[in-house]
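Derivation of every value follows stated rules applied to the coordinates shown; laboratory data play no part. Quick caveat: nothing in here was measured; it's all calculated off a predicted structure. Note that we place each Cβ from the backbone using ideal geometry, even for glycine, and neighbour counts take in every protein chain shown.
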Amino acid sequence: MRGLTRSGRRAETRAALLFISPWIAGFLIFTFWPVVYSGYLSLTDYDVINDPAFVGLDNYRQMFEDPKAGLAFRNTLIFAAMSVPTQLVVSLGLALLLNAAARATGFFRTAFFLPKMTPPVAVGILLLMLFNGQNGLINTVLGLFGIQGPAWTTDPDWVKPGLVLMHLWTVGASVIIILAALRAVPQELYDSAMVDGAGWWRRTLRITVPMISPTLFFLFIVDSINALQSFTEAYTAFFGAGNTTYSNDAALFYVIYLFQQAFQFLHMGYASAMAWLLFVVIMIITAVQVLLTRRYVYYEGERP
């Protein structure tokens, strides 16, 4: 825009706003307004049929007294604490393998990413088929090695580990992102380390991980948010329509309970309060993670 007159800059600004106006309209109508309106509904008693009745903070007080809400929140935090590190470690390990496979990288990139295209509902159904304690494929394979597989879908102690393993089905996107970061690490750093006698493990810890730490941090935040909002796979497997065999409170995640309150019991005000509490929790957790970047994340070119 250098060299343009003030009127020319204004004309370009108007043109830019005109081009992005469909997105602005969509954001205001389908994102911003629903968020604001849900904040209002969280202060009301609303069942969709009758008009909202203002109740102040009663929904929030009820939430802290609701044992089911507490159970769902604990389940979600435990699942997130198990799932996020597991996904990061597996994604990093697969990306390191792909980075070492020079010729076949293209094929394996596609192979790892394809499961990401699987609909989450199908993944929930697959969970019941693969992790069935009686005749599931996972326990059948374990039996070949003389290992008695657990009741993944009915034992409360194994429900969350089973869901964590199923979430590994979709780590392909994270693998591709980490692989791109690995390709951007200067080869000179590895050459210097090898001259100094550093082995593969030391090079990985001292060079690879610090150099791709911004990417790992990004994935850590995104995976944390996704884990706190987990819904489709667990709901399909344990709370889907007509499913009375595998329902298990160990799989009652926060968003599942929110969905039940909103669309099964029509407690829209209470569900809106739950949604706003989840929003606040996610913002706090993300803020803490961002603060930690100053100590653990290295940005190339940034002065210490």
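Some notes on this structure:
- Along the axis of the charge dipole computed for the chain (Cβ charges of +1 for Lys and Arg, -1 for Asp and Glu, origin at the Cα centre), the listed residues 178, 289, 37 are led at the positive end by 178.
- Alpha-carbon centroid distance for the pair segment 139-174 / segment 1-64, whole angstrom: 42
- Label-point separation in nm, residue 122 to residue 263, each point 7 Å along Cα→Cβ: 2.1
- Overall form of segment 1-87 per C-alpha gyration tensor (a/c, 1.5; a/b vs b/c): oblate
- Length gained on full extension, residue 54 to residue 284: 80.0 nm, using 0.36 nm per residue less the C-alpha separation.
- With Cα atoms defining each centre, segment 175-227 and segment 250-304 are spaced 27 Å apart in the structure.
- Overall form of segment 108-192 per C-alpha gyration tensor (a/c, 1.5; a/b vs b/c): prolate
- √(5λ) per eigenvalue of the Cα gyration tensor, the chain, largest first, Å: 37, 34, 18
- Charge dipole magnitude, Cβ of K and R +1, D and E -1 - segment 49-123, Cα centre, debye nearest 20: 560
- Relative contact order (%) - criterion: Cα under 8 Å, at least six apart; region: the chain: 28
- Among 120, 55, 27 - extreme Cα towards positive end, dipole of the chain, charges at beta-carbon: 27
- Estimated FRET transfer efficiency (residue 107, residue 204; beta-carbon r; R0 30 Å; 0.05): 0.80
- Each stretch of four or more DSSP H residues adds -39500 (n - 2.57); spread over every residue of the chain, this sum gives -20500 deg cm²/dmol at 222 nm.
- Cα-centre dipole for the chain with unit charges at Cβ (Lys and Arg positive, Asp and Glu negative), debye to 20: 1340
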